[in-house]
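Q: Quick one: this structure, given as C-alpha cells, is what I'll be asking you about.
The values are calculated or read from the model by the stated rules, or taken from the named source; none is laboratory data. All values derive from a computational prediction rather than experimental measurement. Glycine also receives a Cβ, built like all others from the backbone with ideal geometry; neighbour counts cover every protein chain displayed. For the accessible areas, the whole protein counts, side chains as well, though only heavy atoms, and no ligand, DNA or RNA atoms are used. Shrake-Rupley method; radii C 1.70, N 1.55, O 1.52, S 1.80 Å.
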Number of protein chains: 4
Amino acid sequence: MANSKFEYVRKFELPDSCLPNVWMVVRIDGKGFHKFADAHEYQKPNDDRGLNLMNFCAQQTMNEFKDITMAYGESDEYSFILRKDTTLFNRRASKISTNIVSFFSSCFVFYWTKFFGTYELKYPPTFDARVVCYPSEKNLRDYLSWRQADCHINNLYNTCFWALVHSGQTNKEAEDTLKGTFAADKNELLFTRFGINYNTVSDMYKKGSFIYWSEVEETIVRMTPKGHGDSTMVEREFVRKRRQPTFFFGDIISDTFWSDHPQLLAV
Amino acid sequence: MANSKFEYVRKFELPDSCLPNVWMVVRIDGKGFHKFADAHEYQKPNDDRGLNLMNFCAQQTMNEFKDITMAYGESDEYSFILRKDTTLFNRRASKISTNIVSFFSSCFVFYWTKFFGTYELKYPPTFDARVVCYPSEKNLRDYLSWRQADCHINNLYNTCFWALVHSGQTNKEAEDTLKGTFAADKNELLFTRFGINYNTVSDMYKKGSFIYWSEVEETIVRMTPKGHGDSTMVEREFVRKRRQPTFFFGDIISDTFWSDHPQLLAV
Amino acid sequence: MANSKFEYVRKFELPDSCLPNVWMVVRIDGKGFHKFADAHEYQKPNDDRGLNLMNFCAQQTMNEFKDITMAYGESDEYSFILRKDTTLFNRRASKISTNIVSFFSSCFVFYWTKFFGTYELKYPPTFDARVVCYPSEKNLRDYLSWRQADCHINNLYNTCFWALVHSGQTNKEAEDTLKGTFAADKNELLFTRFGINYNTVSDMYKKGSFIYWSEVEETIVRMTPKGHGDSTMVEREFVRKRRQPTFFFGDIISDTFWSDHPQLLAV
Amino acid sequence: MANSKFEYVRKFELPDSCLPNVWMVVRIDGKGFHKFADAHEYQKPNDDRGLNLMNFCAQQTMNEFKDITMAYGESDEYSFILRKDTTLFNRRASKISTNIVSFFSSCFVFYWTKFFGTYELKYPPTFDARVVCYPSEKNLRDYLSWRQADCHINNLYNTCFWALVHSGQTNKEAEDTLKGTFAADKNELLFTRFGINYNTVSDMYKKGSFIYWSEVEETIVRMTPKGHGDSTMVEREFVRKRRQPTFFFGDIISDTFWSDHPQLLAV
Ligand SMILES: Nc1nc2c(ncn2[C@H]2C[C@H](O)[C@@H](COP(=O)(O)OP(=O)(O)OP(=O)(O)O)O2)c(=O)[nH]1
Ligand SMILES: Nc1nc2c(ncn2[C@H]2C[C@H](O)[C@@H](COP(=O)(O)OP(=O)(O)OP(=O)(O)O)O2)c(=O)[nH]1
Ligand SMILES: Nc1nc2c(ncn2[C@H]2C[C@H](O)[C@@H](COP(=O)(O)OP(=O)(O)OP(=O)(O)O)O2)c(=O)[nH]1
Ligand SMILES: Nc1nc2c(ncn2[C@H]2C[C@H](O)[C@@H](COP(=O)(O)OP(=O)(O)OP(=O)(O)O)O2)c(=O)[nH]1
Ligand SMILES: O=P(O)(O)OP(=O)(O)OP(=O)(O)O
Ligand SMILES: O=P(O)(O)OP(=O)(O)OP(=O)(O)O
Ligand SMILES: O=P(O)(O)OP(=O)(O)OP(=O)(O)O
Ligand SMILES: O=P(O)(O)OP(=O)(O)OP(=O)(O)O
Ligand SMILES: [Mg+2]
Ligand SMILES: [Mg+2]
Ligand SMILES: [Mg+2]
Ligand SMILES: [Mg+2]
Ligand SMILES: [Mg+2]
Ligand SMILES: [Mg+2]
Ligand SMILES: [Mg+2]
Ligand SMILES: [Mg+2]
Ligand SMILES: [Mg+2]
Ligand SMILES: [Mg+2]
Ligand SMILES: [Mg+2]
Ligand SMILES: [Mg+2]
C-alpha cells in the first residue's frame, strides 16, 4: 500500500503567499454573535465580561504570534497587524489566518470561566478570519481609523438605542426615534433624556481596544552573594525590561498617538 | 467622524472564491501536536480519548456545516469534503476554512472534559486549515486514499516503534531496528517479538475514521388520540428518518466501500 | 554593481499555476474591433478576408502550441482548449495566455497580406486573453456551446440588421424593426423581404469555426532504387500520416459531433 | 437555442485584480530570442536595428496605454511601470498583461520594415508577459536597478565574448577566457587586447533604454487674422506643450536621475 501513487494529490494545493513588504491584517469576526450575545445574556449595548474576554484572548494571541505588532478590537471582532517584513509561515495567507483564528477560538472557550465565572458557555463559538494587505502607512492607518470610526458610530447609536428601550420604548419606536439623527442629536438626546454625558462613557466602549507592545520595567528579587569576598546570600532587586501587549483605549485616528509611538509603524 | 473617507480600505480585500464544480477539501491539522500529546500524556501510539475527541468534534462540524458530505480523520488531522456544488460562503476559500477550523478548535476545548474527564487541558490548542480543490472523482478518492495510506504506514510504524520502546529499547535503538524494514517485516516483528497480530489491532487505529451521512430510522413515541371517534390519548410509536454523521473504520481505498455507497460521490 | 542586492525583487513575482486536471480555455478577443472593422472596411456582417485571417492564425497557433487540442472562433474572438493534463509552462496561467495572445497577434499582422492583399493594415491590432478552467466534460462542452450559441444569435441578428440597412433603413429603423423578434421571425423576415433562406447562409458565418487535430494521409513521392539488384532510381509513392488542424463548420452543441470524435474529450 | 442555459460557464472566470496602491510592472520578454536573433542575423552582441525596433514599440505602447509612466528595456525584454493608482482594466492582471503584450507584438511585426528595411521577417515573434506588484518606492527602484545591473553585467560579458570570438577564438575558448573574471578584468581585457575603452561604448548598450514622459514645447504655425480690425490672415507661431515618451540612456541606479525627476515616483 505504497503511498507514492496517491501522493500526486499534493500538487492540487496551490500556493497563496502574500506580497512581500506589505502589512498583513488578519481580521476575525464572531459568527452570529447577535444570537450568541442574546443566548449568553450579554449586557446591552456593552458587556464587560464579553469585551474583556475578547481583549484577553487578543493579548494571548499576540504572545503566541510575536510578529503581530498591534491589534484593534471592538464588538465581536479583532484585527491583528503583522509586521510588514514578517516571514511567519512564509507569509502564506491561509496558514496565517487559520492559525490565528483557531488559537483565538480555543482561547475564547479556554478562558471563558476566567471572565464569566460559573456562567455556562452554551455552545462552541465560531469566528471567521480574513487576511488583507496594506502597502502604505496611510492605508494601514486608514484601516484602523475605519474600524475605530465604525466602533464610535455603532456605540453611540447603540447607547441611545438601548437607553430608549430600557426606558420603555419598543425596538421599533427606538429605531424611529433615532432615524435621521446626527451625532450631535444623539449626544443631546442622551444628555437631556437620560442625563448621560457621552464623554464620560467608558473609553473602551467609545474607542475600542488597541493593543501594542510596550516595554515595561519589572523589578525582580533574586538571591545573590553579598560580594567583596563575602559569599553570604542576600536578596537583591533587579530591574529588567519586558515587552508586553499593552492596551490603549484612546483615539488612533488623529496623529497624536502615532507620533508618540513612531516605532509602531516602523515595522 | 464620517466613516466614508476610510471605507476605501475595503477595496484591498481581494476575492478568493474557488472554481465551481470541484470538490473542496478542508484539511485541518494540529499545530505542534507532538508536544501537545506529550504534555497531555497521550497513550502511545494511539490515545483513545484524544482520537474520540477529534472524532466527536468532526461529527459536530458536519452537523454545523451541512454541506460537508464526508470527513476523514487520523492522528491530529481531519479532512472535510464539501459538496461539489456547495455555495457555502459563495465558495470563498478563506471564509470556509476559517469557519471550519474555528468551530473545530472551539469544540475541541468545549468537549475536552467529555473525553478527558477531570484531566486538565493545559493550554489552548491550535489547528491550521487549508482548502484544496479536486476536479474529478478519481482525484478525490486518491486524496482520501493518500490520507488512509498515510494512516496505515504511520500506525504500523508507530505500533512497532512503541512496542520496542515499551519493551526496553531506547528511541534510537527502536529507530535502528525498523530502518529499512517493509510492511511484511513489521507484521512479522510484531507477531514474533510481541505476540501481536496486527490484523487484530483496532480498525480505528489502522484505518482512521471515515464519517459520512447515513439515514437512520428512529422510533419515537408520541401521545395521539385513539381515533375512530375515541379521543382518549394513547402512546403510539412513529418511525422517522434522520440523517446523521456515521463512522466507518474500514478500507476506503478499494472500490467496495464506494460501490456500496454510490450517493457519496454523486454530490 | 553586483546584481545580488537587488535580486530580492524576484520574490514579488507570485505563482499563478492552474489547478491540475482541468481543461484550460484561453479566449482571446480583439480590442475595439468594431472600430477596427470599420477602419478596414470589413464587409457587413461578415468579412471573409477577416474571418479567414483569424482562422489561419488560429491554425498557426495550434501548430505552435501542440497541447491545444481544439479551438473555436467567431467574430473577433478565438478560444483555445488545452489538454487537461498539459504541463505547458507548468500550467502557469499568465505564461500560457500571454504566449498565445502574443503569437496570435504577431500572426495577425504577419499574415495580413496573405488575406488582404495590398489592402493596407492601418494600425497594429490588440487582443486580450484570459484563462478559464473547466473541471468536467459537461462544463467544457457547455462552454463551447455558449460560444456557438452566441455566434448563432449574433449572426442571425446581424444578417437581418445589415439586410435592412442595405435595403435603405437607417440603423435606428433596423434596430426598431428587429426589437422583440424571435429567431423564427428573423428567418421569416429574411425570406419574405430579402429572399434569403437562412439555412443556405455559409456555415462558417452561422456556426463559427471549430478546429481540431485530425489525421490525414499524405501521398509523397520519393526517388528510390528500383530494387532486386537494380539500383536505377525510380519515383515511388509513399503514404504517410500527419496530424493537422482541421476545420469543422458544423454544430458542436448536440452530441453528434462529439460521439463521432470521442478522442477529443479524452485529453 | 437560448444562450441562457450555457451562460453559467462565465462563473468559472475568476477575478484577478491587483492590490490597490502598488506599482504594477509588466515585463515582457521575447520567446527564444537567441534563435530569433540568429535567424535574423542580429549583430553581436548588440543589433541597433533590433534594439531600436524594441524601443520604438515601447514608445508606441506608452502612447497607447497612457497609465504607463515609465519603461525600461534591454536585450529582448521591456518593463512597463503603471501608475500606483491606475484603474486601467480595473487593475485586472490578465487584462493588463495580455493587452500590453499583444499590442507590443503587433507593433514589432508592424514596424519591422521601419527598422529592418527590406530584410525579411522570417516568422512571427512571440513575447511572454507577467505582472509584478511593488508596494514601495524603494522596491520599485530596486526592480529597475536589478534590470539595469543585469543589462550591465550581460553587456560587459557579451562585449568581451564576441570580441574574443571575432578575434578568432571558438565559443568554448572565449568562455574559458572569461571564466572567473571580474568587471575590472573584463575592462582591462577589452582595452589591452582590443583597444576598446568600455566607457566609450554606446550608453544604450551599457545602460539599456529608459523611457519616461517629458514635456516638450512645440512651435506650431497657424494662420490667424492680423487683428486690430484687420482681418487679413497671417502666419503666427504658437508654442504648445506636449507630453511625449522620452529616452534616457543613463544611470537609473543611483539617486541623481530620480532627484532630477521627482514627479516620476509621485504616481
Ligand atoms: N449585547 C451585546 N451584544 C454584543 C456585544 N458585542 C457584540 N455584540 C453583538 C451585537 C451584534 O449584533 C453582533 C456583532 O455584529 P456582526 O455584524 O458581527 O453580526 P453577527 O456576528 O451577528 O453576524 P455575522 O456572522 O458576523 O455576519 O454582536 C456586547 O458587548 N453586548
Ligand atoms: N502519543 C500520541 N501522539 C499522537 C496521537 N495522535 C497524534 N499524535 C501526535 C504524534 C505526532 O507527532 C503528531 C502529529 O504529527 P504532525 O506531523 O501533525 O506534527 P505536529 O503536529 O507535531 O507538527 P505540525 O505543527 O503539524 O507541523 O501528533 C496519539 O493518539 N497519541
Ligand atoms: N463588419 C464586420 N465587423 C466584424 C466582423 N467580425 C467582428 N466584427 C466587429 C463587430 C463587433 O462590433 C466587434 C466584436 O465585438 P466585441 O464585443 O468584441 O467588441 P469590440 O471588439 O469592439 O470591443 P472590446 O474591446 O472587445 O470590448 O467586431 C466582421 O466580419 N465584419
Ligand atoms: N545577437 C544579438 N542577440 C540578442 C540581442 N538582443 C537579444 N538577443 C538575444 C540574446 C539572448 O540569447 C536572448 C535573450 O535572452 P533570453 O534569456 O530572453 O533567452 P531567450 O529569449 O532565448 O529564451 P526565453 O524564451 O526568453 O527563455 O536574445 C542583440 O541585440 N543581438
Ligand atoms: O505539516 P507537514 O510537515 O506534515 O507537511 P505539510 O502539512 O504539507 O506542510 P505545511 O503544513 O507547511 O503545509
Ligand atoms: O459581516 P458583515 O456583514 O459585517 O460584512 P463583511 O464582514 O464585510 O461581509 P463578509 O463577512 O461576508 O465578508
Ligand atoms: O526566462 P529566464 O530563464 O530568464 O528566467 P525567468 O524569465 O525568470 O523564467 P520564466 O520565464 O520561466 O518565469
Ligand atoms: O468584452 P465583453 O463586453 O464582451 O464582455 P467580457 O469580455 O466578458 O468583458 P471583459 O472583456 O471586461 O472581461
Ligand atoms: Mg462578516
Ligand atoms: Mg459577527
Ligand atoms: Mg462584527
Ligand atoms: Mg502541516
Ligand atoms: Mg500537526
Ligand atoms: Mg498531522
Ligand atoms: Mg471583453
Ligand atoms: Mg472585441
Ligand atoms: Mg468579441
Ligand atoms: Mg523568462
Ligand atoms: Mg527571451
Ligand atoms: Mg530576455
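Q: Does B:ASN3 satisfy being outside any helix (DSSP H, G or I) and either within 8 Å of chain A (Cβ to nearest Cβ) or among the aliphatic types (A, V, I, L, M) (or both)?
A: It is true that B:ASN3 is outside any helix (DSSP H, G or I) and either within 8 Å of chain A (Cβ to nearest Cβ) or among the aliphatic types (A, V, I, L, M) (or both).
Q: Please go through the stretch D:141-150 and give me each residue that is open to solvent by 10 Å² or more (accessible area, probe 1.4 Å) and either under 23 Å from D:ASN197 (Cα atoms) or not in a helix (DSSP H, G or I) (or both), ordered by number.
A: Within the stretch D:141-150, just D:ASP150 meets the criteria.
Q: Additional query: State the number of residues belonging to the stretch A:188-207 that are of a type outside the set (Ser, Thr, Tyr) and touching a Lys or Arg at 6+ places or on another chain (Cβ under 9 Å).
A: Result for the stretch A:188-207: 1.
Conditions (1) under 24 Å from B:GLU13 (Cα atoms); (2) within 16 Å of ligand 17 (Cβ to nearest atom); (3) facing chain B (nearest Cβ under 10 Å); (4) basic (Lys, Arg), marked per residue:
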site: A:GLU41; (1), (2), (3), (4): no, no, no, no
site: A:MET70; (1), (2), (3), (4): yes, no, no, no
site: A:THR87; (1), (2), (3), (4): yes, no, no, no
site: A:ARG91; (1), (2), (3), (4): yes, no, no, yes
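Q: Looking at the stretch C:239-267, which of its residues are outside any helix (DSSP H, G or I) and open to solvent by 80 Å² or more (accessible area, probe 1.4 Å)?
A: Passing the criteria: C:VAL239, C:ARG240, C:LYS241, C:ARG242, C:ARG243.
Q: Can you name the residue in the stretch B:133-158 that is under 16 Å from the mean Cα position of the chain (by Cα) and within 7 Å of chain A (Cβ to nearest Cβ) and, of all such residues, is nearest to B:ARG83 (Cα to Cα)?
A: Here the answer is B:TYR143.
Q: Mind listing just one residue for me: the one in the stretch B:11-52 that is of a type in the set (Val, Ile, Thr) and in contact with a Lys or Arg (Cβ under 8 Å, 6 or more places away or on another chain) and, of those, nearest to ligand 11 (Cβ to nearest atom)?
A: Going through the qualifying residues, I end up with B:VAL26.
Q: Kindly establish whether D:THR86 is over 18 Å from the mean Cα position of the chain (by Cα), within 23 Å of D:LEU264 (Cβ to Cβ), at pLDDT 95 or above and away from ligand 7 (no atom under 16 Å from the Cβ).
A: yes
Every residue, every condition in (1) surrounded by 10 or more Cβ atoms within 10 Å (Cβ to Cβ); (2) in a helix (DSSP H, G or I), yes or no:
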residue	(1), (2)
A:LYS186	yes, yes
A:LEU189	yes, yes
A:SER214	yes, no
A:THR219	no, no
A:SER231	no, no
A:ARG236	yes, no
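Q: What number of residues within the stretch B:156-173 are open to solvent by 10 Å² or more (accessible area, probe 1.4 Å) and assigned to a helix (DSSP H, G or I)?
A: Qualifying residue count for the region: 11.
Q: Right, something else. Kindly evaluate A:PRO45 against the criterion of being over 12 Å from the mean Cα position of the chain (by Cα) and away from chain B (no Cβ under 13 Å).
A: Spelling it out, A:PRO45 is indeed over 12 Å from the mean Cα position of the chain (by Cα) and away from chain B (no Cβ under 13 Å).
Q: Count, please, the residues in the stretch B:12-23 that happen to be facing chain A (nearest Cβ under 10 Å) and surrounded by fewer than 16 Cβ atoms within 10 Å (Cβ to Cβ).
A: Result for the stretch B:12-23: 1.
Q: Still on this structure, please answer the following. Restricting the search to the stretch D:95-114, which residues are away from ligand 17 (no atom under 16 Å from the Cβ) and within 12 Å of C:ASP128 (Cβ to Cβ)?
A: D:ILE96, D:SER97, D:ILE100, D:VAL101, D:PHE103
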